[in-house]
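J.: I'd like to ask some things about the structure below.
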Amino acid sequence: MIIEQILVTPMAVFCYLVADKKNGEGVLIDPAGDFDRIFSAVEKYSVTIKWVINTHGHFDHTSGNDHVIKRTGAGLLIHEKDVNKLGSITNRLLSRFVGGKKSPDPVSLLSDGDVIPFGSESLTVLHTPGHSEGSISLYTPGHVFTGDTLFTEGMGRTDLGDGSMKKIMESIVTGILALPDDTIIWPGHHYGRKPTSTVREQKYYYL
């Protein structure tokens, strides 16, 4: 599996290119902006983008949806409890702040346990609310993309409308940290000293 971590926008968002090495089909997770950087990685591996996946509906993760979908023809996926954020006035206005536009509508809504296929690979949806009600993490054996639920040092904010400290702690402890210890954690922002962590390392802080 190809995994490329791409730092984008002044918001220090991590976009991820995840692809099947064999047939070159892949996904972009949270392609928020800095499109030359994103597509340099896509072209380096000759990847065909099948899906754009948003880990949640906040503007700093969705502002690049329109550009990427128009360029690739990919389908957009987001959790059913965050889809309403895509068309909100706040999202539209703040997306322009980082050079984006209003997001297109998703082709399908995600829920816990859904499997997203690309090539011979796949990502499994883990509903991890707390930062937002529809926040998700994406798991494949050995790797979990945690969006703004869990960073390498800390967690996402819980004071933004539908956030919840109780829920985010449950998502971290009973969801993400229940994965195998050697699972690599790929966060949604570069807010720590290191760009990645592991479940084993994060258990030190939360358990």
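The values are calculated or read from the model by the stated rules, or taken from the named source; none is laboratory data. None of these values were measured; they are calculated from a predicted model. Heads up, the Cβs are rebuilt from the backbone with ideal geometry, glycines too, and the neighbour counts pull from every protein chain shown.
J.: Just checking, which of THR174, THR128, THR183 is out of contact with any Pro (no Cβ under 7 Å at 6 or more places or on another chain), at pLDDT 95 or above, surrounded by fewer than 17 Cβ atoms within 10 Å (Cβ to Cβ) and among the hydroxyl-bearing types (Ser, Thr, Tyr)? Walk me through how you get there before you give the answer.
T.: Working: THR128 fails: surrounded by fewer than 17 Cβ atoms within 10 Å (Cβ to Cβ); THR183 fails: surrounded by fewer than 17 Cβ atoms within 10 Å (Cβ to Cβ).
Within the list THR174, THR128, THR183, the selection yields THR174.
J.: Could you tell me whether any residue of region 135-154 is out of contact with any strand residue (DSSP E or B) (no Cβ under 7 Å at 6 or more places or on another chain), more than 22 Å from ILE53 (Cβ to Cβ), without any contact (Cβ under 8 Å) to a residue 24 or more places away in the chain and not polar (S, T, N, Q)?
T.: Within region 135-154, not a single residue is out of contact with any strand residue (DSSP E or B) (no Cβ under 7 Å at 6 or more places or on another chain), more than 22 Å from ILE53 (Cβ to Cβ), without any contact (Cβ under 8 Å) to a residue 24 or more places away in the chain and not polar (S, T, N, Q).
Yes or no, residue by residue, for (1) of a type outside the set (Ser, Thr, Tyr); (2) without any contact (Cβ under 8 Å) to a residue 24 or more places away in the chain:
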| position | (1), (2) |
| --- | --- |
| GLY156 | yes, no |
| ASP159 | yes, yes |
| SER171 | no, no |
| GLY175 | yes, no |
| ALA178 | yes, yes |
| ILE184 | yes, no |
| HIS190 | yes, no |
| VAL199 | yes, no |
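J.: Do you know which residues across region 107-145 are farther than 26 Å from LYS21 by Cα and in contact with a helix residue (DSSP H, G or I) (Cβ under 9 Å, 6 or more places away or on another chain)?
T.: If the condition is that a residue be farther than 26 Å from LYS21 by Cα and in contact with a helix residue (DSSP H, G or I) (Cβ under 9 Å, 6 or more places away or on another chain), then LEU109, HIS127, THR128, PRO129, GLY130, HIS131, SER132, GLU133, GLY134, SER135 are the ones that fit.
J.: I've got another one for you. So which pairs qualify, if the first residue must be in region 27-41 and closer than 17 Å to LYS101 by Cα, the second must be of a type in the set (Lys, Arg), the Cβ gap must be under 8 Å, and the two must be at least 6 apart or on different chains?
T.: Sorted first by the residue in region 27-41, then by its partner, the pairs are PHE35/ARG71.
J.: Working only within region 163-207, note down all residues that are within 18 Å of THR124 (Cβ to Cβ), in a helix (DSSP H, G or I) and either in contact with a His (Cβ under 6 Å, 6 or more places away or on another chain) or β-branched (Val, Ile, Thr) (or both).
T.: Result: ILE172, THR174, ILE176, VAL199.
J.: Any idea which of (1) part of a strand (DSSP E or B); (2) under 15 Å from LEU177 (Cα atoms); (3) more than 13 Å from the chain's Cα centre (by Cα) is the one SER137 doesn't satisfy?
T.: Single failed check for SER137: (3).
J.: Right, next: Can you tell me which residue within region 11-36, out of those that are surrounded by fewer than 20 Cβ atoms within 10 Å (Cβ to Cβ) and over 17 Å from the mean Cα position of the chain (by Cα), is farthest from HIS67 (Cα to Cα)?
T.: LYS22
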